[in-house]
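The structure is given below, and queries will be raised subsequently.
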Protein chains: 2
Amino acid sequence: MVGVAGPHDDDAAEVLYASLTDSVRRLVDATIRSQADFDGVASAKAKIDAAADELSSSVIPGSFGVQLDASGNPRAWGNAVIGLRNALAPPLVVHRESDGRVWAEVTLGAAYEGPPGHVHGGICALLLDHVLGATAHKPGRPAVTGTLTLRYESGTRLGPVRAEAHVDRIAGVKTYAVGHLSTADGITVRAEAVFIHPRTA
Amino acid sequence: MVGVAGPHDDDAAEVLYASLTDSVRRLVDATIRSQADFDGVASAKAKIDAAADELSSSVIPGSFGVQLDASGNPRAWGNAVIGLRNALAPPLVVHRESDGRVWAEVTLGAAYEGPPGHVHGGICALLLDHVLGATAHKPGRPAVTGTLTLRYESGTRLGPVRAEAHVDRIAGVKTYAVGHLSTADGITVRAEAVFIHPRTA
């Protein structure tokens, strides 16, 4: 890790990696939509390979996992949905209301496409799994998905999307959550899920 | 598009973009796992920005959608699961057996992480949505997801993963599909789904 010696360095690392990953997100989008000619693509690829070589001079083995910052707060920077350093993640910023509701708003571009002009049904599932799960997560007491059921009511257009969820009920180690995805067109996907707090957690 | 004038150019474009996107996938992984110092990260970012500028000199508006190659075959190169030009896509290569079974094998690295060392539950949903959906898709007759239900039986470790599905039954415009995800640990997630052929398709 770059500079985890203190809170100040933590902030600097966060800004640095957020900026790097935003650049990679823009590159992912350009890779899909580029109409550059053969030489332009070859030249871009050479730069990308050089950048990857530079970043790969020393790497964390395996995957990022969850690391603690200097203040002991967990960082899931590699997470596929919320990861600050994961260019696959939009990334989602999850908001928690005092009444337990959880929501996130994000703009989904070309990289999240399934049917032309629309968000891939599985990406809708990915976002809803995460946001519904966030209702069950407690600090130091993670929850894993038990079941997830999605009802697709209409296509979700690429562009601004909102995901929201709340706890329906809690029974022992199980949290029952419900939620939905919506766009300017209204609700597009409804979800319900059961999350389980592993007894070993 | 680069060279869509004929089959030969189509092949060249496919090789070119596959190579470019593989480089971006490696970069996404390095961005998550890099332990390069501040100067190394800043230098890599400058190269990435230059590459994105180069690719962005001319871009397809919006998203890739589905385009036809010179032989009239559809190309979903931007698709979030199978897209040749989408660095978010592993990409999945979907195999179809003569008896209707559909399967895909893929190795999932750091970019697909949820719980430490494990595939994000929503990524499992993304892959299963696509592979179950592939049982319902017919050339020129696409299917959209109606409902998708996932039962998570155990954590899916990062690494080699197999997804498979088959049609359980067909009723009018609805195809009922079932399938599962498995690793060396056995079956980790089971799925069932209803796919609908839009009457307008």
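Assume the label is 7 Å from Cα along Cα to beta carbon: what separations in nm does residue A:39 have to the matching positions in the other copies?
List, nearest first: 3.4 nm.
Report the local net charge at residue B:153: Lys and Arg +1, Asp and Glu -1, summed over other residues whose C-beta lies under 12 Å from its C-beta. Could the numbers behind the result be given before it?
Working: positive: B:151, B:190; negative: B:185.
Local charge sum for residue B:153: +1.
Cross-link candidates for residue A:45: which aspartates and glutamates have Cα within less than 13 Å, leaving aside residues fewer than 8 places away along the same chain?
Output for residue A:45: A:37, A:53, B:22, B:49, B:53, B:54.
Taking residue A:174 as the anchor, which lysines have their alpha carbon closer than 16 Å to its alpha carbon, excluding any fewer than eight residues away along the same chain?
The qualifying lysines are A:138.
Within the range A:151-174, list the residues whose amide N lies under 19 Å from a label point set 7 Å along Cα→Cβ of residue A:199.
Correct set: A:171-174.
For every other residue with a beta carbon closer than 14 angstrom to the beta carbon of residue A:197, add +1 if it is Lys or Arg and -1 if Asp or Glu, then tell me the sum.
+4
With springs only between Cα atoms under 10 Å, which of B:84, B:68, B:20 fluctuates most in a Gaussian network model of chain B?
In the Gaussian network model the winner is B:68.
In Å², and per residue, what accessible area does the protein assembly as shown have when probed at 1.4 Å with the other protein chains present? Spell out each step's value before the answer.
Numbers: 17040 Å² over 402 residues.
Computed with neighbouring chains in place, this is 42 Å² per residue.
Which of the trypsin sites (Lys or Arg not before Pro) across the range A:105-201 are loop residues per DSSP, with 14 or fewer other Cβ within 10 Å?
Here the trypsin sites (Lys or Arg not before Pro) that fit, given the DSSP loop and packing criteria, are A:199.
For chains B and A, what's the summed buried accessible area, probe 1.4 Å, to the nearest 100 square angstrom?
Summing both sides, the interface buries roughly 7200 Å².
Contour minus end-to-end for residue B:53 and residue B:138, with contour as 0.36 nm per residue of separation and end-to-end as the Cα-Cα distance?
26.8 nm
Hey, another quick one. Note down the net charge around residue B:47, summing +1 for each Lys or Arg and -1 for each Asp or Glu among other residues with Cβ under 10 Å from its Cβ.
In short, -2.
Put a label point 7 Å from Cα along the Cβ direction on residue B:9, then list its distances to the equivalent points in the other copies in nm, shortest first.
Once sorted, the set of distances for residue B:9 reads 5.5 nm.
Identify, among B:127, B:102, B:196, the residue whose Cα sits farthest towards the positive end of the charge dipole of the range B:93-196, taking +1 on the Cβ of Lys and Arg and -1 on the Cβ of Asp and Glu, with the dipole about the Cα centre.
After comparing all options, I get B:196.
Assuming R0 = 45 Å, can you tell me the calculated FRET efficiency for the pair residue A:43 and residue B:73, based on Cβ-Cβ distance, to the nearest 0.05? Before the final figure, lay out the partial values.
Values: r = 29 Å, r/R0 = 0.64.
Between residue A:43 and residue B:73 the formula returns 0.95.
Report, for residue B:95, each distance to the same residue's label point in the other copies, shortest first and in nm; define the point 7 Å along Cα→Cβ.
4.7
The values are calculated or read from the model by the stated rules, or taken from the named source; none is laboratory data. These numbers come from a predicted model, not from an experiment. We place every Cβ from the backbone using ideal geometry, glycine too, and count neighbours over all the protein chains shown. Only protein heavy atoms, including side chains, enter the accessible area calculation; ligands, DNA and RNA are left aside. Shrake-Rupley method; radii C 1.70, N 1.55, O 1.52, S 1.80 Å.
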